[in-house]
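*Asks:* Quick one: this structure, given as structure tokens, is what I'll be asking you about.
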Amino acid sequence: MKDNGMVIIGAGETGARAAAGLREQGWTGAITLIGEESHAPYERPPLSKQVLQEAGEPSPAYIVTAEKLKEQRIDFIHGSKAASIDRNNHIVAIGDGRQFRYERLLLATGARPRMLQLPDSGSGASQASNIRYLRSYADALALRSRLQPGQRVAIIGGGFIGLEVAASARYQGCAVTVIEAGPRILMRGVPESIGRVVEARHRGEGVSFKLNAGIQAIESAESESIITFTDGEALAFDVILAGIGAVPDTVLASGCGLTIENGIAVDERLCTSDPDIFAAGDCCSFPHPLYGGMRIRLEAWRNAQEQGTHAAGSMLGSTEAYSAVPWFWSDQYDLTLQVTGLPHTARTTVHRSLGATGDLYFHLADGYRLAAASAIGRNGIAKDIRLAEMLIASQAALDPVQLAAPDIKLRSLLTINA
Amino acid sequence: MTYEGWIAACDAEDIDEEDVIRFDYEDRTFAIYRSDKSEYYATDGYCTHEKFHLSDGLVMGKHIECPKHNGRFDYTTGEAKRAPVCNALQTYPVKNEAGQIWIKIS
């Protein structure tokens with residue numbers, strides 16, 4: 001068996017960035033990138049937005065093309081699912097029986113949509129077969145074909161994926177209902193004030209909400225599906241999309257005995273419990289040095305990208321800790337929302353008006369250190385969120401009065417505290 | 001106001017130090033920068049990666065960072081400095097005459 005050098009399982013954002021990162025950081029040996037889908041690595045953020053909205057024939061937004069991979073001597077094995085890992089012999093086996101010997105292995109297996117579990121109706125009929133999920137380009141194309149004007153679309157779950165699809169479906173002229181189990185949308189991750197702005201905007205665009213909703217059953221007939229709620233209401237829909245979170249894909253890792261803890265557990269270098277196996281992106285949980293080593297798992301584009309690059313360095317022997325400040329964004333209509341840091345670790349929130357650009361919230365931990373910041377409005381919020389990210393990284397104590405004062409530039413706080 | 005291809009874009013004081021503003025002219029859009037040394041530069045407005053306006057991004061030294069994907073350019077040369085951007089940004093000559101910023105876009 002030939003030596004396949006650095007082997008990467010998963011050809012999404014993380015896997016693609018890791019492969020590129022290995023070359024950029026000087027690795028000249030073999031690189032093998034194994035992907036389950038048939039496409040070259042592509043960007044997932046457009047799947048809930050541009051792919052569903054744009055008029056022309058869509059195509060994936062490639063991170064890197066197959067030609068470019070070839071040029072960089074990255075052996076791209078696509079349409080193949082890795083089946084098992086033999087840690088003693090350093091061998092990965094894929095579905096068709098082929099084996100790859102690795103020097104170092106990166107698991108970039110990502111996450112899968114959480115499946116909707118309904119109370120058992122007794123007949124088994126409540127488990128509707130036509131509930132859609134959105135993760136892959138194929139999922140997006142299938143959903144796109146169903147978002148026709150006048151179609152009744154149910155979005156189960158008021159999180160980011162669901163709300164972005166709700167906006168896209170409205171754009172296509174569908175009748176949209178967002179169904180949320182909690183008392184408000186975006187319960188995880190953003191303060192209530194931002195959730196209210198987003199909800200009001202969706203309502204203004206004609207989206208209906210059913211909050212505090214319990215689903216009793218979903219029955220599918222040929223032409224439509226009926227959702228029956230625990231409050232007795234029953235509604236008919238043409239399309240049902242569930243966006244109720246994602247679960248890390250840890251099948252391979254647990255199959256070969258690696259430590260699992262809300263994802264594949266890695267250390268601050270992104271190394272698993274096996275010194276020759278690393279994990280990065282949505283599939284892993286890691287201790288964050290800026291938050292007292294708290295173990296977290298992120299499902300975000302920038303994290304996937306930066307951890308891919310970081311893991312490449314670790315595979316080549318770097319001992320540097322991964323300490324990037326978490327960051328993500330969501331676009332719905334012309335509203336943009338950005339969050340940096342970990343809002344749930346904060347104790348108090350301070351508001352700063354950005355005028356016509358939007359609103360910024362600072363989430364402060366003990367000692368007035370900045371734990372997180374979130375903003376909603378136009379794209380211009382990005383500037384202040386980026387500065388807030390630097391303030392979080394600086395771990396400096398800040399004055400809430402200055403943070404709240406729009407005429408005090410955030411950059412000046414950074415300079416003072418640097 | 002124009003002369004010999006130069007267009008009056010803004011007042012020098014319209015842009016904070018180490019910041020950027022948007023400037024639209026006819027059907028084109030630009031980003032005009034003021035460095036931390038109060039030197040002025042101009043580039044195309046949109047990022048070469050996806051269509052996001054760079055005037056919404058953060059200026060750090062001689063770099064501008066895209067507000068959406070954190071790609072980076074050297075705004076003094078247009079050079080792409082960090083993924084995901086790989087194509088350079090078009091730059092334009094700028095002059096500051098008595099507090100009036102002019103850019104040459106043709």
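*Asks:* Spot the failing condition for B:G61; the list is (1) in contact with a Ser or Thr (Cβ under 9 Å, 6 or more places away or on another chain); (2) crowded, with 18+ Cβ neighbours inside 10 Å; (3) within 14 Å of chain A (Cβ to nearest Cβ), and only one is missed.
*Replies:* If we test B:G61 against (1) in contact with a Ser or Thr (Cβ under 9 Å, 6 or more places away or on another chain); (2) crowded, with 18+ Cβ neighbours inside 10 Å; (3) within 14 Å of chain A (Cβ to nearest Cβ), just (2) comes out false.
*Asks:* Name the residue that is farthest from the other protein chains (Cβ to nearest Cβ), counting only residues in the stretch A:402-412 that are assigned to a helix (DSSP H, G or I), in contact (Cβ under 8 Å) with a residue 24 or more places away in the chain and under 18 Å from B:D16 (Cα atoms).
*Replies:* Going through the qualifying residues, I end up with A:L410.
*Asks:* Mind listing just one residue for me: the one in the stretch A:218-230 that is among the charged types (D, E, K, R) and under 32 Å from the mean Cα position of the chain (by Cα) and, of those, surrounded by the fewest Cβ atoms within 10 Å (Cβ to Cβ)?
*Replies:* Here the residue is A:E224.
*Asks:* Given A:D384, A:D399, which one is outside the structural domain of A:G293 (by TED's automatic domain parsing), free of Cβ contacts under 8 Å to residues at least 40 places away in the same chain and either of a type in the set (S, T, N, Q) or crowded, with 22+ Cβ neighbours inside 10 Å (or both)?
*Replies:* A:D384
*Asks:* Are any of the residues in the stretch A:373-388 in a strand (DSSP E or B), under 16 Å from A:P326 (Cα atoms), within 14 Å of chain B (Cβ to nearest Cβ) and touching a strand residue (DSSP E or B) at 6+ places or on another chain (Cβ under 6 Å)?
*Replies:* Scanning the stretch A:373-388, I find at least one residue that is in a strand (DSSP E or B), under 16 Å from A:P326 (Cα atoms), within 14 Å of chain B (Cβ to nearest Cβ) and touching a strand residue (DSSP E or B) at 6+ places or on another chain (Cβ under 6 Å), so the answer is yes.
*Asks:* What pairs can you find where one residue is in the stretch A:65-91 and in the same structural domain as A:I34 (by TED's automatic domain parsing) and surrounded by 14 or more Cβ atoms within 10 Å (Cβ to Cβ), the other is polar (S, T, N, Q) and not in a helix (DSSP H, G or I), and their Cβ atoms are less than 6 Å apart, with a gap of 6+ or different chains?
*Replies:* Hits for this filter: A:D75/A:T32; A:H78/A:S38; A:I91/A:Q99.
*Asks:* Next question. Going residue by residue through the stretch A:336-353, is there one that turns out to be without any contact (Cβ under 8 Å) to a residue 60 or more places away in the chain, within 14 Å of chain B (Cβ to nearest Cβ) and surrounded by fewer than 22 Cβ atoms within 10 Å (Cβ to Cβ)?
*Replies:* No, the stretch A:336-353 contains no residue that is without any contact (Cβ under 8 Å) to a residue 60 or more places away in the chain, within 14 Å of chain B (Cβ to nearest Cβ) and surrounded by fewer than 22 Cβ atoms within 10 Å (Cβ to Cβ).
Okay, residues lined up against (1) more than 27 Å from A:G377 (Cα to Cα); (2) not in a loop (DSSP other than H, G, I, E, B):
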{"residue": "B:I7", "(1), (2)": "yes, yes"}
{"residue": "B:E17", "(1), (2)": "no, no"}
{"residue": "B:I21", "(1), (2)": "no, yes"}
{"residue": "B:F30", "(1), (2)": "no, yes"}
{"residue": "B:K37", "(1), (2)": "yes, no"}
{"residue": "B:G78", "(1), (2)": "yes, no"}
{"residue": "B:V85", "(1), (2)": "no, no"}
{"residue": "B:I101", "(1), (2)": "yes, yes"}
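*Asks:* What are the residues in the stretch A:308-331 that are more than 14 Å from chain B (Cβ to nearest Cβ), in contact (Cβ under 8 Å) with a residue 24 or more places away in the chain and not hydroxyl-bearing (S, T, Y), if any?
*Replies:* A:A311, A:G313, A:M315, A:L316, A:E320, A:A321
*Asks:* Moving on. Residues that are basic (K, R) and part of a loop (DSSP other than H, G, I, E, B): does the stretch A:176-199 have at least one?
*Replies:* yes
*Asks:* Look through the stretch B:7-47, keep the residues that are buried (at least 20 other Cβ atoms within 10 Å of the Cβ), within 14 Å of chain A (Cβ to nearest Cβ) and not aliphatic (A, V, I, L, M), and return whichever of them is farthest from A:P45 (Cα to Cα).
*Replies:* The residue in question is B:R34.
*Asks:* Go over the candidates A:A61, A:A40 one by one and state the one that is surrounded by 14 or more Cβ atoms within 10 Å (Cβ to Cβ) and more than 14 Å from chain B (Cβ to nearest Cβ).
*Replies:* On inspection, the qualifying residue turns out to be A:A40.
*Asks:* Separate question: Just one of the numbered conditions (1) out of contact with any helix residue (DSSP H, G or I) (no Cβ under 6 Å at 6 or more places or on another chain); (2) not in a loop (DSSP other than H, G, I, E, B) is not true of A:I244; which one?
*Replies:* Checking A:I244 against (1) out of contact with any helix residue (DSSP H, G or I) (no Cβ under 6 Å at 6 or more places or on another chain); (2) not in a loop (DSSP other than H, G, I, E, B), the one that fails is (2).
*Asks:* What's the total number of residues in the stretch A:259-293 that are of a type in the set (F, W, Y) and part of a strand (DSSP E or B)?
*Replies:* Total meeting the criteria: 2.
*Asks:* Would you check which residues across the stretch A:100-129 are at pLDDT below 95 and surrounded by 14 or more Cβ atoms within 10 Å (Cβ to Cβ) and list them?
*Replies:* Scanning the stretch A:100-129 gives A:L116, A:L118, A:S121, A:S126, A:Q127, A:A128.
*Asks:* Please find, within the stretch A:356-372, the residue that is farthest from the chain's Cα centre (by Cα) out of those that are surrounded by fewer than 20 Cβ atoms within 10 Å (Cβ to Cβ) and either closer than 17 Å to A:L186 by Cβ or away from every other protein chain (no Cβ under 14 Å) (or both).
*Replies:* Among those that are surrounded by fewer than 20 Cβ atoms within 10 Å (Cβ to Cβ) and either closer than 17 Å to A:L186 by Cβ or away from every other protein chain (no Cβ under 14 Å) (or both), it is A:G367.
*Asks:* Is at least one residue of the stretch A:290-306 under 27 Å from A:I161 (Cβ atoms), in contact with a strand residue (DSSP E or B) (Cβ under 9 Å, 6 or more places away or on another chain), of a type in the set (K, R) and away from chain B (no Cβ under 14 Å)?
*Replies:* For the stretch A:290-306, residues under 27 Å from A:I161 (Cβ atoms), in contact with a strand residue (DSSP E or B) (Cβ under 9 Å, 6 or more places away or on another chain), of a type in the set (K, R) and away from chain B (no Cβ under 14 Å): present.
*Asks:* Of all residues in the stretch A:72-97, how many are acidic (D, E) and part of a loop (DSSP other than H, G, I, E, B)?
*Replies:* Summing the residues that are acidic (D, E) and part of a loop (DSSP other than H, G, I, E, B) in the stretch A:72-97 gives 1.
*Asks:* Please work out if A:G206 is assigned to a loop (DSSP other than H, G, I, E, B) and out of contact with any Gly (no Cβ under 9 Å at 6 or more places or on another chain).
*Replies:* Yes.
*Asks:* While we're on this one: Considering only the stretch A:153-175, state which residues are crowded, with 17+ Cβ neighbours inside 10 Å and either charged (D, E, K, R) or part of a helix (DSSP H, G or I) (or both).
*Replies:* Listed by number, the residues that qualify are A:F160, A:I161, A:G162, A:L163, A:E164, A:V165, A:A166, A:A167, A:S168, A:A169, A:R170.
*Asks:* For the stretch A:271-287, enumerate the residues that are in contact with a Gly (Cβ under 9 Å, 6 or more places away or on another chain) and aliphatic (A, V, I, L, M).
*Replies:* Of everything in the stretch A:271-287, those that are in contact with a Gly (Cβ under 9 Å, 6 or more places away or on another chain) and aliphatic (A, V, I, L, M) turn out to be A:A279, A:A280.
The values are calculated or read from the model by the stated rules, or taken from the named source; none is laboratory data. Quantities reported herein were computed from a predicted structural model and do not represent experimental measurements. Backbone-built Cβ (ideal geometry, glycine too); neighbour counts: all protein chains shown.
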